[in-house]
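The values are calculated or read from the model by the stated rules, or taken from the named source; none is laboratory data. A quick note: this is a predicted structure, and the numbers were derived from the prediction, not measured. Note that we place each Cβ from the backbone using ideal geometry, even for glycine, and neighbour counts take in every protein chain shown.
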């Protein structure tokens, strides 16, 4: 018989794992920069770094401060009505009181799928959006589990955390692109040809492999944050079965609905409670594994 999982321990473990994976991204960035600095003149290397930092930070900061509005607009969601969607409001207000979080703005998007997402840079600028399918197909306990999961992302500052990771991943991708393109204009002289070529070859290998490696680590971090949100949701509701039953319904529901017809952007797909885009690049853990963990709490 498998041992019971304690949600407090699971929350701490997932935070440690996420931090460790973030350190791996920083390490890859440092190693990549180290080899590029030997392959090129120091001045040129710093130019590459400055360009990468400006582009990456500029793009991410705009996305970060407007994340709630961008996410809502991308799925064409409408603001929920307190009178028409009383259960939705009541459940979120209850979780808000239990968690000590401010009440987020509530939205509804048109979709038959059971799904939801949270966005916003901090609890004071947070939004939660659910699909019509979630409101129609989930009972109150199941809806509470899903919404507690989304409130957990807000409480854990997951948007801010994943933005930091996105900055690092974006910088590595930009540096790789600039490095590979700059090789067309690179010349070698006889004095430093051997040493430079060795570092250039290593740099090329790093430029190809580093973006792939950090992207995989980013996906792993995202999956750990989902486990963390599941555990925090149990902390808020003290009822793991609600979230577990919701996941079981989602699993059954997803097999009968063509997700491709939903036309959900890949940019916002990672925000969702259940990732609408499947495959090896999924930002979410397997539903069966999430259910198994919740059933052991």
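Kindly indicate whether residue 219 is surrounded by fewer than 20 Cβ atoms within 10 Å (Cβ to Cβ) and touching a residue at least 12 places away in the same chain (Cβ under 8 Å). Steps first, please.
Values: surrounded by fewer than 20 Cβ atoms within 10 Å (Cβ to Cβ): yes; touching a residue at least 12 places away in the same chain (Cβ under 8 Å): yes.
Spelling it out, residue 219 is indeed surrounded by fewer than 20 Cβ atoms within 10 Å (Cβ to Cβ) and touching a residue at least 12 places away in the same chain (Cβ under 8 Å).
Among the criteria (1) loosely packed, with under 13 Cβ neighbours inside 10 Å; (2) at pLDDT 80 or above, the one residue 88 does not fulfil is (1). Testing residue 72 on (1) touching a helix residue (DSSP H, G or I) at 6+ places or on another chain (Cβ under 9 Å); (2) at pLDDT 85 or above; (3) buried (at least 17 other Cβ atoms within 10 Å of the Cβ), one condition comes back false. Which one is that? Going through (1) touching a helix residue (DSSP H, G or I) at 6+ places or on another chain (Cβ under 9 Å); (2) at pLDDT 85 or above; (3) buried (at least 17 other Cβ atoms within 10 Å of the Cβ) one by one, residue 72 breaks only (1). Scanning region 189-201 for residues that are within 17 Å of the chain's Cα centre (by Cα) and either over 27 Å from residue 297 (Cβ atoms) or modelled with pLDDT under 80 (or both) turns up nothing. The residues of region 1-22 that are in contact with a helix residue (DSSP H, G or I) (Cβ under 8 Å, 6 or more places away or on another chain), surrounded by 15 or more Cβ atoms within 10 Å (Cβ to Cβ) and either part of a helix (DSSP H, G or I) or modelled with pLDDT under 65 (or both), listed by number, are 7, 10, 11, 14, 15, 17, 18, 21, 22.
Mind checking whether some residue in region 23-34 is farther than 22 Å from residue 219 by Cα and modelled with pLDDT under 70? For region 23-34, residues farther than 22 Å from residue 219 by Cα and modelled with pLDDT under 70: absent.
Residues of region 120-171 that are within 18 Å of residue 110 (Cα to Cα), out of contact with any strand residue (DSSP E or B) (no Cβ under 7 Å at 6 or more places or on another chain) and surrounded by 22 or more Cβ atoms within 10 Å (Cβ to Cβ): 138, 143. Of all the residues in region 90-111, those that are without any contact (Cβ under 8 Å) to a residue 60 or more places away in the chain and in contact with a strand residue (DSSP E or B) (Cβ under 9 Å, 6 or more places away or on another chain) number 8.
If the condition is being part of a loop (DSSP other than H, G, I, E, B), in contact (Cβ under 8 Å) with a residue 40 or more places away in the chain and at negative phi, then region 112-138 contributes 112, 113, 114, 115, 121, 126, 138.
Is it true that residue 46 is surrounded by 14 or more Cβ atoms within 10 Å (Cβ to Cβ) and either at pLDDT below 70 or more than 24 Å from residue 126 (Cβ to Cβ) (or both)? Give the steps one after another, and end with the answer.
Details: surrounded by 14 or more Cβ atoms within 10 Å (Cβ to Cβ): no; either at pLDDT below 70 or more than 24 Å from residue 126 (Cβ to Cβ) (or both): yes.
When the stated conditions are applied, residue 46 does not pass them.
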